[in-house]
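**Q** Sharing a structure below in structure tokens format, with a few things to ask.
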Amino acid sequence: MDIFLLKSKIHRATVTGGDVNYEGSLTISADLMEKCGLQEYEKILCGNMANGERFETYVIKGKRGTGEIIMNGAVAHLGKQGDLLTIMNFCSANQKKARKWKPQVIVLGKGNKIVSTRGI
């Protein structure tokens, strides 16, 4: 039997912008995506620490090194610039692999710079 596990997480990502007219998704700086193992168009679950909103969408690769976290489309109504997000995605694994599983986690600080990592 397979179970679902946290694959990767970006904790305390500061929203840098929003575009309600964009077709949808969450733009994440390419270097942050790579550091925690996120792929472009991968499904994510986000929690907005400012207002408690939770939403699912997918990742769009942003400009490397910019720290950008941009809420696009309908998601832009669920937060605003300066809000802190927890961005998560999940994978399935068999029970044997799950016992040894460690998610890739990055914690961000000011300017969406990485301040700590786990499982990387």
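Where a number appears in this text, it was derived from the coordinates with a stated rule and is not lab data. Bear in mind the structure is a predicted one, so any value in this text is a computation, not a measurement. Heads up, the Cβs are rebuilt from the backbone with ideal geometry, glycines too, and the neighbour counts pull from every protein chain shown.
**Q** Taking amide H atoms as placed 1.01 Å from N in the peptide plane, list the residues 5 or more away in sequence, or in a different chain, whose amide H sits under 5 Å from that of Glu42.
**A** It is Val59, by chain and number.
**Q** Quick one: which residues, 5 or more positions from Ile120 or on another chain, have an amide H under 5 Å from its amide H? H modelled 1.01 Å from N in the peptide plane, none for Pro or chain starts.
**A** Result for Ile120 returns Val105.
**Q** Test of understanding: in a Gaussian network model of the chain with alpha carbons linked when under 10 Å, which of Lys61, Lys97, Lys35 would top the mean-square fluctuation ranking?
**A** Lys97
**Q** Hey, what number do you get for the chain at 222 nm if only DSSP H runs of n ≥ 4 count, each worth -39500 (n - 2.57), divided across all residues, to the nearest 500? Working shown, then result.
**A** Numbers: 2 runs with 12 residues, N = 120.
Helix contribution divided over all residues of the chain: -2500 deg cm²/dmol.
**Q** Please list, ordered by chain and number, the residues whose modelled amide H lies under 5 Å from the amide H of Ala50; skip anything fewer than 5 residues away on the same chain.
**A** Counting only residues 5 or more places away or on other chains, the set is Leu84.
**Q** Sticking with this one: Please work out, to two decimal places, the log10 of the ratio I(q)/I(0) at q = 0.19, 0.21 Å⁻¹ from a Debye calculation in which every Cα of the chain carries one identical scatterer.
**A** After summing over all Cα pairs, the log10 values are -0.95, -1.14.
**Q** Using unit Cβ charges (K, R positive; D, E negative) and no other charged atoms, how large, in debye to the nearest 20, is the dipole of the chain about its Cα centre?
**A** Numbers: 18 positive and 11 negative charges, 159 e Å.
For the chain, the charge dipole is close to 760 debye.
**Q** Using a Cα-Cα cut-off of under 17 Å, which lysines could be cross-linked to Lys63, ignoring same-chain neighbours fewer than 8 residues away?
**A** Counting by Cα, and skipping residues close in sequence, Lys63 has these lysines nearby: Lys35, Lys113.
**Q** Note down the nm distance, to one decimal, between modelled labels 7 Å out along Cα→Cβ at Ala98 and at Lys113.
**A** 3.9
**Q** Would you list Glu23, Glu34 from fewest to most Cβ contacts within 10 Å? Write down the numbers at each step before the final one.
**A** Values: Glu23 9, Glu34 13.
With the fewest neighbours first, Glu23, Glu34 line up as Glu23, Glu34.
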